[in-house]
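Input: a single structure, listed below in structure tokens.
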Amino acid sequence: MAVSYKPQLNYTDFKDLTEQIHFHSAEGKIWLGEQRMLLMNLTSLAAFRREIVNGMGIERAKGFFLRLGYLSGLKDAELARKLRPHCSELDIFLAGPQLHSLKGMVKVVPLEIDLDQETGDFYGRLEWIDSWEVEICKTELGQMKEPACWVLLGYACAYTSSFMGREIIYREISCRGCGDETCMIEGKPAEEWPDAEEFSRYFKADPMIEELYDLQEQLNSLRSTLQRQQGQYYGIGQSASYNKVCKMIDKAAQGKVSVLLLGETGVGKEVIAKSVHLRSERSDGPFIAVNCAAIPPDLIEAELFGVEKGAYTGANQSREGRFERADGGTIFLDEVIELTPRAQATLLRVLQESELERVGDNRTRKVNVRVIAATNESLEQAVEDGKFRADLFYRLNVFPVHIPPLRDRQEDLPLLASHFLEKFHAQYNKRTLGLSDKALELCMQYRWPGNIRELENVIERGVILTDNNETISQDALFVSPPQISPDSVEHIDDDGNMRSGKPGGCGGSWSDQVIEQGISLDQVEETLMKQAMEQANQNVSKAARLLGLTRPALAYRLKKSGILSEN
Ligand SMILES: [Zn+2]
């Protein structure tokens, strides 16, 4: 039978519900029928809601709180059926809005309710007054863009759906939480809402963890793309000599040909090796870098090619070597000149046959590894001296690439310096204002015997010694001012013109000048010793090392010339 709500019904009398509340303070419990309840203060719930909104975003938070209300509505529908078994459908139904009021959630004013449990017809229009969710919008969250009474709405949907035995959906058609005059809800069967399916999605838990896994996967793939892109830049530089190297690498990267990187220590051979790898077809495979000079000679074979258990004392278990680990990828052998004769023989076999045996093993293993070797000494010389196998040298030297020292690509220095500044700013969580003009000038004039690695160390020191928002001075970069080569110093000549090269202009060596200007050998010795002592902070041992003398020999000379008094 269809019943319609009549406003004259004594709606506010719900003593039967109130009587269901029991405070068992001694036990620390509050009961509503058989449901354990909590008395919580609104402000902490408001803070919690703000945290959820900020942490999960508004859409997820909305679903979260709708579901919170939903569970509570289901429980109360059960309670209502139990408490009012002999009442009219409408009176049983009204227990829901009444419970909502009783719990202090909101004052509900039913304006229109038509329901028929038999046919399943339902229509409801109710006003919410003093919703707790509107109140926290005012105090904690600020005005919302959409209706904000999420928990209340979830409750109404669940309560009525359970009561009617079919899915009833309510929508807040106006809400004070988003600036409307009143909070007004309308409810009808799901099929009568055009967007019911979309709305129902809020009631399905949507675990964030799935999304996190997805994001993680995307991040990983982005990271490897980025790494590959970085490999495209072959390190940093725009000078002609460096560009030439890059062009060589472009050609080398294709195919499996061995590459030999030549150049002074610290020029960035590993960066280049990695670029070759990342630009090759094996870029998805491993890149293994080995510094042959850092491994003791008697361990190098085992380290590179692996070892079988019991091969020698201390080989307690079988272990794969770096070549096996680099299978399908690239191995970078820095300071390859340090390889022992036996290791050289095995390397030659790997290059020729693509196979190796672990130390102490007779099983032959196939490996597919591209070799990039590097050295800062002359391999030809080592071959001549009988220290390096000629046949191995020819195998490695198929594609030699000479990497220029930093002093030959001076125009790249500012780029490199700002790259390292960025790196160390991030590492030390600092922000300096960069190099002072004087410091940069000094860098441009210095010969950088340690090349890029030395520059990196110098910049790191500068960043450490300089405070935030201050400029890195020359003193922060260099312990003592670097010895600028006379060839690179500019000076004003006798006619007042700026000239490169050393003063004097005779074009000869410094010894020519000494003789030309009539400086005595004693004077030269004295000047050198004074300079060395100054650089060594008057530490005789240190000064002796600078001059290639023993401490007693220097001390004797210092005393003889009167620089150091007898004591
Ligand atoms: Zn509202």
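Looking at the structure I just gave you, is LEU351 open to solvent by less than 20 Å² (accessible area, probe 1.4 Å) and either part of a helix (DSSP H, G or I) or closer than 30 Å to TYR312 by Cα (or both)? When the stated conditions are applied, LEU351 does not pass them. Among the residues making up region 90-109, those that are open to solvent by 10 Å² or more (accessible area, probe 1.4 Å) and in a strand (DSSP E or B) are LYS107, VAL109. Within region 168-180, residues that are over 21 Å from PRO194 (Cβ atoms) sit with their Cβ atoms under 7 Å from residues that are within 11 Å of the ligand (Cβ to nearest atom) and open to solvent by 20 Å² or more (accessible area, probe 1.4 Å), at 6+ positions apart or across chains, in these pairs: ARG176/THR182; GLY177/MET144; GLY177/PRO147; CYS178/MET144; CYS178/GLU146; CYS178/PRO147; ASP180/SER174.
Does GLU534 satisfy the condition of being open to solvent by 50 Å² or more (accessible area, probe 1.4 Å) and either modelled with pLDDT under 85 or of a type in the set (Val, Ile, Thr) (or both)? Answer is no for this residue.
Criterion first (touching a residue at least 24 places away in the same chain (Cβ under 8 Å), in the same structural domain as LEU42 (by the TED database) and either within 13 Å of the ligand (Cβ to nearest atom) or of a type in the set (A, V, I, L, M, F, W, C) (or both)) does GLN117 satisfy it? Criteria not met by GLN117.
Taken as a whole, the condition of being open to solvent by less than 10 Å² (accessible area, probe 1.4 Å), away from the ligand (no atom under 16 Å from the Cβ), small (Gly, Ala, Ser) and on the phi < 0 side of the Ramachandran plot applies to ALA77.
Can you tell me which residue is nearest to the ligand (Cβ to nearest atom) among those in region 164-188 that are in a helix (DSSP H, G or I) and open to solvent by 10 Å² or more (accessible area, probe 1.4 Å)? Applying the filter and picking the extreme gives ARG176.
Here is a yes/no grid of residues against (1) farther than 30 Å from ILE459 by Cα; (2) of a type in the set (S, T, N, Q); (3) in contact with a Pro (Cβ under 9 Å, 6 or more places away or on another chain):
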position	(1), (2), (3)
TYR312	yes, no, no
THR330	yes, yes, yes
LEU347	yes, no, no
GLU355	yes, no, no
ARG358	yes, no, no
GLU384	yes, no, no
TYR394	yes, no, no
PRO404	no, no, no
ASP408	no, no, no
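Across region 130-172, the number of residues qualifying as of a type in the set (A, V, I, L, M, F, W, C) and more than 44 Å from the chain's Cα centre (by Cα) comes to 7. Checking each residue in region 445-464 for being among the hydrophobic types (A, V, I, L, M, F, W, C) and in a helix (DSSP H, G or I) picks out ILE452, LEU455, VAL458, ILE459, VAL463, ILE464. Any residue in region 459-468 that is at pLDDT 90 or above, within 23 Å of the chain's Cα centre (by Cα) and over 25 Å from LYS269 (Cβ atoms)? Scanning region 459-468, I find at least one residue that is at pLDDT 90 or above, within 23 Å of the chain's Cα centre (by Cα) and over 25 Å from LYS269 (Cβ atoms), so the answer is yes.
So in region 122-131, with the set limited to residues that are crowded, with 18+ Cβ neighbours inside 10 Å and of a type in the set (A, V, I, L, M, F, W, C), which one is nearest to the ligand (Cβ to nearest atom)? Step by step, filter region 122-131, then rank; the result is TRP128. Of all residues in region 133-147, those satisfying the criterion of being within 12 Å of the ligand (Cβ to nearest atom), of a type outside the set (A, V, I, L, M, F, W, C) and under 16 Å from GLU59 (Cβ atoms) are GLU146, PRO147.
Whether a residue is surrounded by fewer than 16 Cβ atoms within 10 Å (Cβ to Cβ), outside any helix (DSSP H, G or I) and over 35 Å from the mean Cα position of the chain (by Cα) was assessed, and ASN362 passes this test.
Going through region 428-461 one residue at a time, which ones are within 12 Å of SER418 (Cα to Cα) and open to solvent by less than 30 Å² (accessible area, probe 1.4 Å)? If the condition is that a residue be within 12 Å of SER418 (Cα to Cα) and open to solvent by less than 30 Å² (accessible area, probe 1.4 Å), then THR432, GLY434, LEU455, ILE459 are the ones that fit. Only one of the listed residues (ILE519, ILE472, ILE484, ILE563) is under 26 Å from GLU454 (Cβ atoms), at pLDDT below 85, among the hydrophobic types (A, V, I, L, M, F, W, C) and surrounded by 12 or more Cβ atoms within 10 Å (Cβ to Cβ). That residue is ILE484. Selection of region 519-567 for residues being part of a helix (DSSP H, G or I), small (Gly, Ala, Ser) and under 22 Å from VAL479 (Cβ atoms) yields ALA532, SER541, ALA543, ALA544.
The single condition among (1) at pLDDT below 85; (2) open to solvent by 90 Å² or more (accessible area, probe 1.4 Å); (3) in the same structural domain as LEU42 (by the TED database) that GLY142 does not satisfy is (2).
The values are calculated or read from the model by the stated rules, or taken from the named source; none is laboratory data. Small disclaimer: the values here were computed from a predicted structure and weren't measured. Cβ: placed from backbone, ideal geometry, glycine included. Neighbour counts: every protein chain shown. Accessible surface areas use protein heavy atoms only, side chains included; no ligands, DNA or RNA. Shrake-Rupley method; radii C 1.70, N 1.55, O 1.52, S 1.80 Å.
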